[in-house]
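Read through the structure below, which is laid out as structure tokens, and then see the notes.
The values are calculated or read from the model by the stated rules, or taken from the named source; none is laboratory data. This one's a predicted model, so the numbers in the text were calculated from it and none came from an experiment. Backbone-built Cβ (ideal geometry, glycine too); neighbour counts: all protein chains shown. Side chains included, ligands, DNA and RNA excluded: accessible areas come from the protein's heavy atoms. Shrake-Rupley method; radii C 1.70, N 1.55, O 1.52, S 1.80 Å.
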Amino acid sequence: MQKATLSLNGQTHELPLVVGTEGEVGIDIRKLRATTGAITLDPGYGNTGSCESAITFINGEEGILRYRGYGIEELTEKSSFLEVAYLLIEGELPTKAQLDRFRHRLTYHSLLHEDMKKFFEGFPPSAHPMSVLSTIIASLSAYYPENNDPADVELNIIRLIAKIKTIAAFAYKKSIGQPYIYPRNDLSYTGDFLHMMFAVPSETYEVDPLVENTLDKLLILHADHEQNCSTSTVRMVGSSGASLFAAISAGVSALSGPLHGGANQAVINMLERIRQDGANYRKYVEMAKDKESGFRLMGFGHRVYKNFDPRARVIKAAADQVLERLGVDDPLLDIAKQLERVALEDDYFIERKLYPNVDFYSGILYRAMGIPTNMFTVMFAMGRLPGWIAQWKEMHNDPNTRIYRPRQIYVGPNARPYVPIEARE
Ligand code: SDX
């Protein structure tokens, strides 16, 4: 077994190494404090592995992303979102019988308990759909409190994937004051979501196969991504023994931040701002380089990718084709491409290895498909749900899982006596 050597306070300590199946090396420090009295410090965990996982592999330097060993490029081209969801959660691609049963169970669990509609009524129309999504998912714990027995866990996983599209569509309908459209059992997963989003009682709504197929691919591209902020949140909350619904609700909340999943909405808001400012994209590239400006190029940069985010490549390629076939001419796409071109020629971005990430072009596609901007991050959450579930399940089923409880280095006041209020200045 290879080891790392640490020299501290005149003593030498050996630390075991963990080497992954793709050759990644981790220094195992789980006994560090007990043997050396010291801990490590790594704000933002940029150098810290929280677990060993067999679900997703990213090579940030080379721009590689694989789910259970399959490249996302091949999965996006040849698979479906439900098949990828099964792959992530179960670890293997399903047989036809397994996929048919998975799809059937999801279809017949897509309704919400009628009493849950009261929760939506309590929100103002202006409520952000991510707040609604997080709240309603958390409330599932009240309707399905059993979450220990493996059979209950398995059924709750089905309920979550089946109901998230209904919750998302109901949140949208509530925000625009239209009646809810109920799930239909004759439509595909993505087709049913689009129907619930855009159908109205008085008219027949035909799902556009191009939109249905494009959304299915976008959901695949968002399905998992190692130990990102929201996935780590799901694992952290789940490690306390809280329900799967509570852990996923927390993941939705973490994803909503503009530095994470909320970036896809922030990108479109940024592109709109640039468009209204005479499409002066060079001005905004310069602003992004100036720390004082408080402006960031949203959709650019990544903690792990120091090359093109492979998802951004796939989405950018799809954007041209899908917008043309939908007959959509979106000036924001041209601005996005110009921003990318200028940024990637600029030393500031080159030195920091800042490239477009998954959020840079995804909003352009969502817009073209008629999905409103404030629903973009909900789309991200729908795609990421199978990944969150797979990661939660891996943590939940690991007998070595301990409650997540990081340490700290205290830098506050040393011990001091209480001062009565009369004696304080
Ligand atoms: C997602 O982790 C995941 O896997 C996430 C995700 C997933 O699938 O789960 O991939 C999804 O969240 C994608 C990222 C979406 N967020 C954005 O697009 C927001 C804009 N990007 C950044 O805020 C930033 O790049 C992060 C948050 C993505 C990464 O932050 P880091 O790793 O903490 O990097 P940093 O902020 O320390 O930046 C390093 C340097 C800094 O400059 P210096 O201090 O070295 O001079 O790069 C600069 C930053 O100022 N920088 C940017 C920038 N991103 C980083 N400068 C201008 N514009 C940017 N977008």
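Here are the numbers for the structure shown:
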item	result
In order through the range 198-209: 3J(HN,Hα) via Karplus (6.51 cos²θ - 1.76 cosθ + 1.60), integer Hz, x for Gly, Pro	10, 6, 10, x, 8, 10, 8, 10, 9, 5, 6, x
C-alpha center-to-center spacing [the range 26-91, the range 355-425] in angstrom	16
Spin-label pair K96/E203, simplified geometry with 7 Å Cα→Cβ offset, distance in nm	3.8
Whole-percent pair-distance distribution, where bins are 10 Å wide, for the alpha carbons of the chain	4, 20, 29, 25, 15, 6, 2, 0
For the range 83-93, Karplus couplings with θ = phi - 60° (6.51, -1.76, 1.60), whole Hz, Gly/Pro x	5, 5, 4, 4, 4, 4, 6, 9, x, 9, 5
Computed Rg/Rh of the range 72-225, alpha carbon atoms with Kirkwood Rh	0.96
The range 263-368: radius of gyration and largest Cα-Cα distance (Dmax), Å	13.1, 42
Phi to ³J(HN,Hα) by Karplus 6.51 cos²θ - 1.76 cosθ + 1.60 over the range 144-157, Hz, x for Gly, Pro	10, x, 6, 8, 10, 4, x, 5, 5, 4, 4, 6, 5, 5
Lysines with Cα under 27 Å of K3, excluding same-chain neighbours fewer than 8 positions away	K31
Accessible-area value, I409, 1.4 Å probe, nucleic acids and ligands omitted, Å²	90
Given charges at Cβ of Lys, Arg, Asp, Glu: the chain dipole, positive-most of F120, N264, A247	A247
Förster radius 22 Å - calculated FRET efficiency between D346 and N59 (Cβ-Cβ, nearest 0.05)	0.30
Whole-percent carbon and sulfur share, accessible surface of the chain, 1.4 Å	51
Charge tally in the Cβ shell below 15 Å around K316, where Lys, Arg are +1 and Asp, Glu are -1, K316 excluded	-2
CD proxy at 222 nm, helix term only [per DSSP H run n ≥ 4: -39500 (n - 2.57); per residue of the chain; nearest 500]	-16000 deg cm²/dmol
Reach of K337 by Cα under 20 Å, taken over lysines that are not fewer than 8 positions away in the same chain	K283, K289, K306, K316, K353
Mean separation of Cα contacts under 8 Å, 6 or more apart, over the residue count of the range 263-368: relative contact order %	44
Accessible area (Å², per residue) of the chain, counting only protein heavy atoms and a probe of 1.4 Å	50
